[in-house]
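Working notes, beginning with the structure itself.
The values are calculated or read from the model by the stated rules, or taken from the named source; none is laboratory data. Here the structure is a predicted model, which is why all the values come from computation and not from measurement. Please note: Cβ atoms are built from the backbone with ideal geometry, for glycine as well, and neighbour counts cover all protein chains shown. In case anyone asks, the SASA skips ligands and DNA or RNA and just uses the protein heavy atoms, side chains included. Shrake-Rupley method; radii C 1.70, N 1.55, O 1.52, S 1.80 Å.
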Amino acid sequence: MRLPLILSTMALAGCLASRMRSMQSQGTDSSSSRFDPAQRLSPTAFEQNATMKDSSVHEDPSLLKVGVRRDDVIAALGTPNQITHQGGQEQDVYEFNPDGSKFVKPKTYARNIAAGVFTGGIATVVHQARIHHTEQQLTVYHLTYGPDGIVQSVQKESRRDTTRDSDAQD
């Protein structure tokens, strides 16, 4: 009897910690949009939450390079997945799925927490595993801007696991 209660409490704590970390790292995720029913309950929001994709935005290497204005990047690619400040410079992080669509991290809804409680934490574990698997396949761009709002450096990181391809050929 105690084990399901402990598992559900741990799952709930993990969800809340993940959400808090997400809100801290995303300077763009305003709390007002978080509770706006029109925005959270729209068909687009449900689709993006389920697929973890914003198919209206696609990876554009011509914008993800040195010398481009931040306003142009945001106009074309939307809000960054993450905004950080390092050494007085602003850095935007954009994450893209293998098909080129922009990655959208799913939000934690009350139904996710309830499913975790009623399944003894199994639903939460499966949900987190799905998110982790998707994140391992992303292409991530770190754009660092100068004081004038122009991209000074771009770091491209591909998280796709290439060891599986070589193992399959052996």
Task: In segment 69-160, the chymotrypsin sites (Phe, Trp or Tyr not before Pro) that fall in loop regions by DSSP, at most 14 other Cβ within 10 Å - done: 109
- [ ] Kindly list the residues of segment 112-135 that lie in the label zone of residue 6, defined by a backbone N under 16 Å from the point 7 Å along the Cα-to-C-beta vector.
- [x] 120-122
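Once the Cβ-Cβ distance between residue 110 and residue 130 is put in as r, and R0 is 22 Å, what FRET efficiency do you end up with, to the nearest 0.05?
Values: r = 19 Å, r/R0 = 0.85.
So, using R0 = 22 Å, E works out to roughly 0.70.
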Task: Å² per residue, accessible surface of segment 113-152 at 1.4 Å - done: 51 Å²
TODO: Could you state how much accessible area residue 55 has, in square angstrom rounded to the nearest 10, with a 1.4 Å probe and all protein chains kept in place?
DONE: 70 Å²
TODO: Sort all Cα-Cα distances of segment 106-145 into consecutive 10 angstrom bins from zero, then give the percent of pairs in each bin up to the one containing the longest distance.
DONE: 26, 38, 22, 11, 2
